Amino acid sequence: MVTDILTQILILLSVSMLLGVVLDKFKIPEVVAYIVSGVIVGAGVLRIILPSPTISHIESISLFFIILSIGVEANTEYIYGNLRRSIIFTISGFVIPMILGLIILNMITPFGVISSFVVSLSVSVPSISIISVLLMRYNLLKVNGGRLILSAVVLTDILAFIMLSATTENMYRVIESLGFVVLFFFAIAVFDILIRRRAIGIIKWIEEKEESTNMEYLLFSIVIIAGLLVSIIFEAIGITYVLGSFFAGILIHEASVGEKYHRMLVNTLKRINDSFFIPLFFSIAGLSVVFPHLDLFIIFLPALIVIIASGTALNYLMSKRFIKSITPLTTMSVLGGRGAVGVIIAAIAYDTGIITSTEYSLAILGTVLISLIITPLISLAVSGNKNAGTSSQSGT
């Protein structure tokens, strides 16, 4: 049994990494390549590896480390400093397209309201993993506009997971969960302020222990334990552990552990995720994808077109109104990044029986298509950013 699992992991990693290298030459996001590799070896094409409980457990562990890493790389100042404008982008670029997609899916497909909601939710939500990579790759986090985009995506993804919980819980539990997240958000803000006020003392203590203790090992262990603890708390109250691992991660920043060790933690998690957990998770996500009948995909296509058109148009217009440091085309193309969060939401819904394998497949295909259509536009938009001049980089 162990040998079988190791062989499956070997096949998934080998195929996903090879396909990632090949498709990267065509400017296709690696996450898309990993999903496609899972589709090829999974139920959709070759049927070499099929979903199983053991594979599902490995998928959950991979997801924990991916989201924890995203939290560590994010900064609480990005989130709280741009909250009002983040809400505007969340409503315009996510909530409105999702509602429009839901209406169309519910009208023209046989899915039902809940299934239509989950599919629309999965396809509409931007992915913090892809977007954060794009922001870093093009140095957009150095300007306020890029930080606003990251803040909006963090808020959007949190809201998306709360919405997902509404499909399995009654309204009272949803309101209770939402209230808990708001309180937890507030508690983290307070805790973060306390950490920053004592940052000098914390960093000094770390420096004093450097000679006698392997601080990198100790801090890495603490981060993982904290992430697991908060994740368990979230699961216990009926909220996905994904949010718990993210919230635990955002408390780990330069002010809490110092620039040196924060960089070490980020780099360590990044190496583990880039080489193992990210290709493994997304290739596993692709295992369950089966190609729907052409007539069903054609029925799904109008909703996908509306989600793409409304989301990109509203992101473009909101960018012209609220962001001056980067071009609207850049904002539109970056926020078109789909992948991790949409796949995660679809996977959770599929594993819990909320959606069928056909609906799951459509959700995955939708996220892949949007990323293939919109994110490559950033290569055209970057030249526009360069022409914007450095004088606007201090603006929003």
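Structural remarks
- Residues (small (Gly, Ala, Ser), farther than 13 Å from ILE308 by Cα and surrounded by 16 or more Cβ atoms within 10 Å (Cβ to Cβ)) located in the range 88-115: SER115
Here is a yes/no grid of residues against (1) closer than 30 Å to LEU228 by Cα; (2) of a type outside the set (Val, Ile, Thr):
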position: GLY38; (1), (2): yes, yes
position: VAL41; (1), (2): no, no
position: ASN106; (1), (2): no, yes
position: SER116; (1), (2): no, yes
position: LEU121; (1), (2): yes, yes
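- Note on the range 355-378: residues that are at pLDDT 90 or above and among the hydrophobic types (A, V, I, L, M, F, W, C) total 3.
- Filtered by the rule that a residue be open to solvent by less than 30 Å² (accessible area, probe 1.4 Å) and either among the aliphatic types (A, V, I, L, M) or under 25 Å from THR358 (Cβ atoms) (or both), the range 14-28 gives a lone residue, SER16.
- Scanning the range 254-287 for residues being open to solvent by less than 60 Å² (accessible area, probe 1.4 Å) and either without any contact (Cβ under 8 Å) to a residue 40 or more places away in the chain or under 20 Å from ILE66 (Cα atoms) (or both) gives a total of 21.
- Residue that is surrounded by the most Cβ atoms within 10 Å (Cβ to Cβ) [pool: residues in the range 116-145 that are part of a loop (DSSP other than H, G, I, E, B) and of a type outside the set (Ser, Thr, Tyr)]: PRO126
- LEU50 being hydrophobic (A, V, I, L, M, F, W, C), exposed (fewer than 13 other Cβ atoms within 10 Å of the Cβ) and either at positive phi or in contact with a Leu (Cβ under 7 Å, 6 or more places away or on another chain) (or both): yes
- Check on SER221, hydroxyl-bearing (Ser, Thr, Tyr), farther than 26 Å from PHE161 by Cα and not in a loop (DSSP other than H, G, I, E, B): yes
- Single condition THR213 does not satisfy, out of (1) touching a residue at least 12 places away in the same chain (Cβ under 8 Å); (2) over 17 Å from PHE185 (Cβ atoms); (3) outside any helix (DSSP H, G or I): (1)
- Search result, residues across the range 304-350 that are closer than 19 Å to ASN144 by Cβ and buried (at least 22 other Cβ atoms within 10 Å of the Cβ): ASN315, SER319, ILE323, SER325, ILE326, THR327, THR330, THR331, MET332, SER333, VAL334, LEU335
- Residues satisfying the stated conditions in the range 338-360, i.e. touching a helix residue (DSSP H, G or I) at 6+ places or on another chain (Cβ under 9 Å) and of a type in the set (Gly, Ala, Ser): GLY339, ALA340, GLY342, ALA346, ALA347, ALA349, SER357
- LEU301 vs. criteria open to solvent by 30 Å² or more (accessible area, probe 1.4 Å) and at pLDDT 90 or above: yes
The values are calculated or read from the model by the stated rules, or taken from the named source; none is laboratory data. Predicted, not measured: the structure shown is a model, and the values here were computed from it. Backbone-built Cβ (ideal geometry, glycine too); neighbour counts: all protein chains shown. Side chains included, ligands, DNA and RNA excluded: accessible areas come from the protein's heavy atoms. Shrake-Rupley method; radii C 1.70, N 1.55, O 1.52, S 1.80 Å.
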